[in-house]
Structures are given as structure tokens and as C-alpha cells.
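Okay, structure first, notes after.
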Amino acid sequence: MWPVALLAMAIWRHATVAIAAHGTDIAYHRRGGLKGRAYGVYLALGARLCRRCILIANSRATASVVADAGWTRSEVLLLGTDLHAASIERRHNGKLLFAGRLIPRKGCGWFTREVLPKLPGSISLQVAGTDWGGELSRLPEPDRVEFLGNLSPQDLAKAYSRALAVIVPNLDDVNGEYEGFGLVAAEAAACGAVVLASDHGGLRDAVLDGVTGQLLPPGDADAWVNAIEKVMSLTASEREERQERARQAAIRRFSWDAYALAVSDLLTNTR
């Protein structure tokens, strides 16, 4: 979007102009190849021409990538979510839930290969989202995986709250791709879910570790098995306490009202 920002700065010379950065839009050049190199040149040119422009990064991870791309002025403002529950579900369905795009770096394939087989046979995995590039057909343990497809916001909120745990098992990507924020983790917590997520990229901001969820080492199957087993062993009262604490904290932390006020303050007070 920087050409639009450049035009805005030319028309309104004394205005504060900001661009929101989310993830792939600022990290695409890390993929390499002709397209990646061309996009890197595009980003570098924008950084030189738009020095007065502020980038609003959705996480500390994105702010770091923004700086690597040459953009020196950035502010971290965490995203909000309208998806939340008024109360928690007191009974879970005994199933794990993955929500999001089925691409390798999101970790669903890894989870079904390395973690699911080590869990009791009674535990299955529900998958909600979009199958990119036929990833679904390559998932192992087909008898223990249920594909829900794209869910409406209302149905997704119900799926979050009814799951034994919502997993966000992102992996470190060899080509430099990363999770810009990890909205699933914030949404699920605000719906009263028990959230288990990788200690990776923007998930470190989308999860308040020990409050709205638990951060786990990416790619460490034993750590994930251990965490899920601990969730399974929670008493009803322990689970309810954990869910309610997560729900309330997530609704406060990931508020669009708070985000709007922060953006307003940034644009008003920055010169």
C-alpha cells in the first residue's frame, strides 16, 4: 500500500500517514526467487520514499520484519476480535480443534503425524478452515480427523468453546515465513476455549502465556502431548476457572475499541 501512502503525503503534506502491516505483506520477499527479490526491491523503495510514514505492526514479530525490510518507524498495536462468548461452555466434546488454512507452516499436518498418534485413541481432531493445495488429503490418521470446512462466525465460536482444546501448532518456516499475529488464538480464548499455541512469531502477542493460553515449543511433539494430557486431567472446576480467566482477559486485551483509540492517539500525537 505504500504508493497510496506516498500519494496521501503528497496531497496532505502535514498529515500523519500510517500503513498497517500484517504478515505476508511485509515478509513475501523472504520466499526468494524472482518474485521475492522483486518484492524486496519494492519494499526497499517504499522505505526510502515514505520515511515519514508510520507502519502499524500487528505484533512484535511483524515490527521486527518491518525493520529488516528498511522501515524504521513502526508501532505495535494488537488486533481485536468481535468473536467472543458471553459465557463459557462447561462441557467439552472430547475433541481437539484446529482452525485456519491448511498449509504446512500452520502445523496441522505435523500435529497429525507427530502428536495425534501419541494421544489416547479416543482423542480426535476437528479441522475447520480451507484446504490449500490438497493438504487435507495428505493428513495421516484419517479416521481420527474430521474436516468441518469453512464455518460461519457463530458456528466457529461454538466449535472453539466446545473443544477439549484449540491447537495452534505453527512451525518455524525455513523460508523466513512467520505467523504475523495468530488471530485464531485470540478468538478462541475470547470464546472460552483452552488454547495451546506455538511459541512462534506473532503468537507471542496473540497469547498471554499462562492466562489466555499456553505457549509451547514449535515442533516439540512430546511437549505438546504432555500439555494435552494435562488439559485432559483437569477437573471440571479447574477447567472452568481456566476458561473464564482466559475469556475475560482475551476480551479485554483484544478489543477493537481499544485498537481504534490507540490508532487515533497515534495519528493525533505523532508528528
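The values are calculated or read from the model by the stated rules, or taken from the named source; none is laboratory data. Values in this document were obtained by computation on a predicted structure and should not be read as measured data. Every residue, glycine as well, gets a Cβ built from its backbone with ideal geometry; the counts of neighbours run over all protein chains shown. Accessible surface is based on the protein model in full, side chains and every heavy atom, while ligands, DNA and RNA are left aside. Shrake-Rupley method; radii C 1.70, N 1.55, O 1.52, S 1.80 Å.
Things worth noting here:
- Qualifying residue in the stretch 133-140 (condition: farther than 18 Å from D222 by Cβ, outside any loop (DSSP other than H, G, I, E, B) and without any contact (Cβ under 8 Å) to a residue 12 or more places away in the chain): yes
- Subset tally (residues that are in contact (Cβ under 8 Å) with a residue 40 or more places away in the chain and open to solvent by 40 Å² or more (accessible area, probe 1.4 Å)) for the stretch 3-17: 2
- Across the stretch 236-261, the qualifying residues are those that are among the hydrophobic types (A, V, I, L, M, F, W, C) and open to solvent by less than 30 Å² (accessible area, probe 1.4 Å), and the one among them that is nearest to V166 (Cα to Cα) is A246.
- Test: residue in the stretch 31-50 that is of a type in the set (F, W, Y), part of a loop (DSSP other than H, G, I, E, B) and buried (at least 18 other Cβ atoms within 10 Å of the Cβ): no
- Some residue of the stretch 77-97 being open to solvent by 20 Å² or more (accessible area, probe 1.4 Å), without any contact (Cβ under 8 Å) to a residue 40 or more places away in the chain, under 21 Å from F254 (Cα atoms) and among the hydrophobic types (A, V, I, L, M, F, W, C): yes
- Qualifying residue in the stretch 192-202 (condition: closer than 22 Å to V115 by Cα, of a type in the set (S, T, Y) and either at pLDDT below 95 or open to solvent by 10 Å² or more (accessible area, probe 1.4 Å) (or both)): no
- Identity of the residue in the stretch 51-72, more than 23 Å from the chain's Cα centre (by Cα) and free of Cβ contacts under 8 Å to residues at least 40 places away in the same chain, that ends up least open to solvent (accessible area, probe 1.4 Å): G70
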